[in-house]
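Working notes, structure below.
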């Protein structure tokens with residue numbers, strides 16, 4: 001007695017879970033891809049490009065000490081607010097140096 005051969009599953013049915021598992025593992029553990037590209041002409045270096053790519057979850061990145069997005073005003077509302085407060089204080093200080101009596105009058109209720 002022969003058993004019928006099992007046909008392979010079509011694309012998309014079993015691959016979704018595998019892709020999700022792989023993505024979860026990569027984000028959990030993190031992955032680093034590094035490479036250098038150098039363009040030389042007759043032993044003269046014309047261009048060097050150094051590529052470094054880190055793929056990880058936010059939690060894993062913070063564990064590794066990577067948190068630059070928290071201080072970037074373009075990516076963080078807290079950083080944007082802090083930058084505006086710093087800039088505002090700096091402008092008030094400059095205005096106080098230019099017009100000492102005027103700033104004190106405006107701050108009084």
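With a simple spin-label model that places each label point 7 Å from the Cα along the Cα-to-Cβ direction, the separation between residue 18 and residue 64 comes to 2.6 nm.
Can you classify region 21-65 as rounded, prolate or oblate using the Cα gyration tensor, where a ≥ b ≥ c are the square roots of its eigenvalues, rounded means a/c under 1.5, and otherwise it's prolate if a/b beats b/c and oblate if not?
Working: a/c = 6.73, a/b = 3.06, b/c = 2.20.
Judged from the Cα gyration tensor, region 21-65 comes out prolate (a/c at least 1.5, a/b above b/c).
Once C-alpha pairs closer than 8 Å and six or more residues apart are averaged by separation and normalised to the residue number of region 21-65, the relative contact order reads 42 percent.
We did not get these values from a lab; they are worked out from the coordinates using the rules stated. What you see is a predicted model, and the numbers here were worked out from it, not measured in a lab. Neighbour counts run over all protein chains shown; Cβ positions are idealised from the backbone, glycine included.
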